[in-house]
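As structure tokens, the structure follows; a few thoughts come after it.
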Amino acid sequence: MADEIGAFVPGPRVRIEGRAGGPLAGLTFAVKDLFDVAGVATGGGNHDWPTGRPIPARHCWAVQTLLDAGATLIGKTITDEVSLGILGENAFDGTPRNVRAPGRVPGGSSSGSAAAVAAGLCDTALGTDTGGSVRVPSSFCGLYGIRPTHGRIDTAGMMPQAPTSDTTGWFARDAGTFARVSEVMLGEEMPRALPGKLVVAVDTFGFADSTVAQALRPMVARLATLIGHSREDIMAPQGLSVWARAQRSLQPVEAYNTFKPWLDARNPRFAFSVAKNLVMGSMIPESERTWANLMRQEARSRMAYLLPEGTILCLPTTPFPAPPVGQPLSVLDPLRDRITCLCAQGGLAGHPQVNIPGAAVDGLPVGLSIIGPRGSDASLVAVAHALGASA
């Protein structure tokens with residue numbers, strides 16, 4: 001299949017047939033180039049990453065699971081360098097085209113996977129989410145996407161960034177495919193009973209652009225009708241920017257520690273913005289990390305309080321639609337900061353989160369997210385499936 005949108009890693013395309021007769025037989029999938037595929041170098045979005053590394057001898061858990069379920073792998077997709085990005089622009093491999101928002105970024109770092117699914121090049125695709133790298137491209141490309149409960153999905157064979165926040169996630173264009181893939185990946189069928197309570201996080205809707213909040217109102221109303229009971233509350237009493245600061249203090253330190261041996265040994269090439277993030281991670285003082293860990297504990301306590309069993313919370317996935325491609329760094333940095341304010345709870349608290357498409361601002365997709373208690377991943381998928389059926 002031709003790659004007219006630049007979603008796949010340059011070079012020969014890998015293809016591996018899925019097991020005959022599996023529950024996902026007939027579906028195709030792509031894999032972010034952070035996941036090991038046997039016999040294929042894991043590129044990590046950086047041309048120096050594979051240097052000196054052995055070719056993987058086995059598939060990572062997530063790839064093997066989809067193949068065993070019958071889905072066919074059709075290629076590896078572009079990612080922001082070593083997953084350190086949220087907009088989807090790779091200085092070496094290029095920016096995959098977002099067919100749902102022409103001239104706009106696809107969102108990262110799972111940019112190629114999201115772009116490929118949105119363009120219909122495959123039915124589903126694997127991504128990773130540390131600070132929003134499945135949730136953001138899901139919103140920007142108008143897809144279903146999930147960040148599972150932290151620790152729920154086996155990350156063996158997935159290139160790490162910040163292990164206390166790293167997760168494996170996946171995308172789909174429609175609710176039915178999303179549910180089928182999710183049941184396989186989670187090893188659990190969707191429950192028939194839906195949660196009975198909904199919390200609308202008013203601070204997050206206030207933080208998003210007013211056009212986004214307005215566009216999402218009909219979806220929130222449908223969700224409230226579906227669940228049957230809703231109330232408004234504040235997700236982050238300390239402030240969304242305070243939670244974001246904590247995540248921006250913890251994640252870069254972990255990323256620097258993850259890549260430090262490689263940086264020391266190889267002195268690899270990076271785009272300026274990626275190199276800057278790694279340098280900043282190396283300079284965060286112990287006092288800041290101590291504070292950030294305390295704020296993580298507060299965030300976890302708050303999310304546990306808001307989300308007892310049978311309750312879900314909704315918020316805008318991103319505060320705005322996909323920005324234009326190729327903007328200056330001085331413009332992009334504040335946008336990244338705003339995105340983190342709505343995504344930080346994922347890395348801090350580790351609760352499952354699903355993006356549901358269905359709204360737009362001036363024709364550009366924006367998504368509504370639902371978050372549930374830890375371990376309620378299948379219940380969130382059921383809600384997304386039911387809401388999609390009611391549209």
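The values are calculated or read from the model by the stated rules, or taken from the named source; none is laboratory data. Keep in mind that what you see is a predicted model, and the values were worked out from it rather than measured. Ligands, DNA and RNA are stripped out before the accessible areas are found, and what is left, the full protein with its side chains, is counted by its heavy atoms. Shrake-Rupley method; radii C 1.70, N 1.55, O 1.52, S 1.80 Å.
Quick notes
- When the alpha carbon gyration tensor of segment 258-391 is reduced to an equivalent ellipsoid, the three semi-axes, largest first, read 32, 23, 14 Å.
- Measuring spread by the Cα atoms of the chain yields a radius of gyration and Dmax of 19.2, 57 Å.
- Overall, the ratio between the Cα radius of gyration of segment 248-288 and 2.2 N^0.38 Å, rounded to two decimals, is 1.13.
- Volume per residue that the Cα convex hull of segment 1-114 spans, once the total is divided by residue count, Å³: 105 Å³
- Along segment 193-198 the Karplus relation, 6.51 cos²θ - 1.76 cosθ + 1.60 evaluated at θ = phi - 60°, assigns HN-Hα couplings of 7, 8, x, x, 9, 10 Hz to successive residues, with x for each Gly and Pro.
- Scaling the Cα radius of gyration of segment 213-275 by the globular reference 2.2 N^0.38 Å produces a ratio of 1.93.
- Each DSSP beta bridge with both residues in the chain is either parallel or antiparallel, and the antiparallel ones are about 65%.
- Diffusion constant of segment 153-293 at 37 °C, which comes from Stokes-Einstein with the Kirkwood Cα-pair radius and 0.692 mPa s, µm²/s: 172 µm²/s
- Cα gyration tensor of segment 52-204 - equivalent ellipsoid semi-axes, whole Å, descending: 23, 20, 16
- Lysines whose Cα lies under 30 Å from that of Lys32, excluding same-chain neighbours fewer than 8 positions away: Lys76, Lys260, Lys276
- Sequence-distant residues sharing a close amide H with Leu126 (under 5 Å, placed H): Ala30, Val31, Lys32
- Other-chain or far-sequence residues with amide H under 5 Å of Ala208's (modelled H): none
- DSSP H segments from the chain that extend 15 Å or more along their own axis, Cα-based, with Kyte-Doolittle mean of 1.0 or above: 377-390
- Take every pair of alpha-carbon atoms less than 8 Å apart whose residues are at least six positions apart; their mean separation over the length of segment 106-213 yields a relative contact order of 25 percent.
- Choice from Asp174, Asp48, Asp123 showing the highest fluctuation, given a GNM over the chain with Cα pairs closer than 10 Å: Asp48
- Intensity falloff of segment 349-391 expressed as log10 I(q)/I(0), Debye formula with alpha-carbon point scatterers, at q = 0.30 Å⁻¹: -1.01
- Sequence-distant residues sharing a close amide H with His59 (under 5 Å, placed H): Ala38
- With every protein chain in place, the chain: carbon and sulfur % of accessible area (1.4 Å): 53 percent
- Each residue of segment 203-208 was assigned a 3J(HN,Hα) from its phi angle through the Karplus curve 6.51 cos²θ - 1.76 cosθ + 1.60 (θ = phi - 60°); the sequence is 5, 6, 5, x, 6, 5 Hz, with glycine and proline shown as x.
- Note on segment 64-114: along the principal axes its Cα atoms extend 36, 25, 15 Å, ordered by decreasing extent.
- The chain, helix-only ellipticity at 222 nm - DSSP H runs n ≥ 4, -39,500 (n - 2.57), divided by all residues, nearest 500: -12500 deg cm²/dmol
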